[in-house]
Amino acid sequence: MADILVVTKGDKEGNKNELSEVLFILENAQYRLRSTKAVMFISEIEWMGHRKVENSIRPLQDKQEAILELKYTKNQRKLK
């Protein structure tokens with residue numbers, strides 16, 4: 001299994017309980033977390049070209065600029 005992303009909202013105690021359940025399930029399935037990659041209880045994350053902060057998800061500026069700078073061709077032959 002590559003990566004797992006768990007996003008929760010609500011109170012910290014509820015989040016801890018949900019995390020405990022997820023870790024219990026993973027342990028029973030013999031999955032192990034890499035402590036060098038595991039990050040928990042953060043309020044902001046960049047993932048798949050987006051930034052998740054509190055109650056919003058926004059595309060990263062550099063990704064948005066790259067899309068806006070794409071050059072489109074009107075030549076049908078170049079599209080094939």
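The values are calculated or read from the model by the stated rules, or taken from the named source; none is laboratory data. These numbers were taken from a predicted model, which means no experiment stands behind them. No Cβ is skipped: glycine too gets one built from the backbone with ideal geometry, and neighbour counts run over all protein chains shown. Areas reflect the complete protein model, heavy atoms only, side chains present, ligands, DNA and RNA absent. Shrake-Rupley method; radii C 1.70, N 1.55, O 1.52, S 1.80 Å.
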Exercise for the section: Looking only at segment 69-78, decide whether some residue is modelled with pLDDT under 85 and either in contact with a helix residue (DSSP H, G or I) (Cβ under 8 Å, 6 or more places away or on another chain) or surrounded by 10 or more Cβ atoms within 10 Å (Cβ to Cβ) (or both). Expected result: yes
Fill in the blank from the handout: Result of the Cβ filter at 9 Å on segment 62-80, keeping first residues that are under 30 Å from R51 (Cβ atoms) and partners that are modelled with pLDDT of 80 or more and surrounded by 10 or more Cβ atoms within 10 Å (Cβ to Cβ), at least 6 apart or interchain, is D62/G49; K63/G49; K63/H50; Q64/G49; Q64/R58; I67/P59
Problem - Among residues of segment 33-61, those that are open to solvent by less than 90 Å² (accessible area, probe 1.4 Å), charged (D, E, K, R) and either in contact (Cβ under 8 Å) with a residue 12 or more places away in the chain or over 30 Å from K16 (Cα atoms) (or both), counted - result: 1
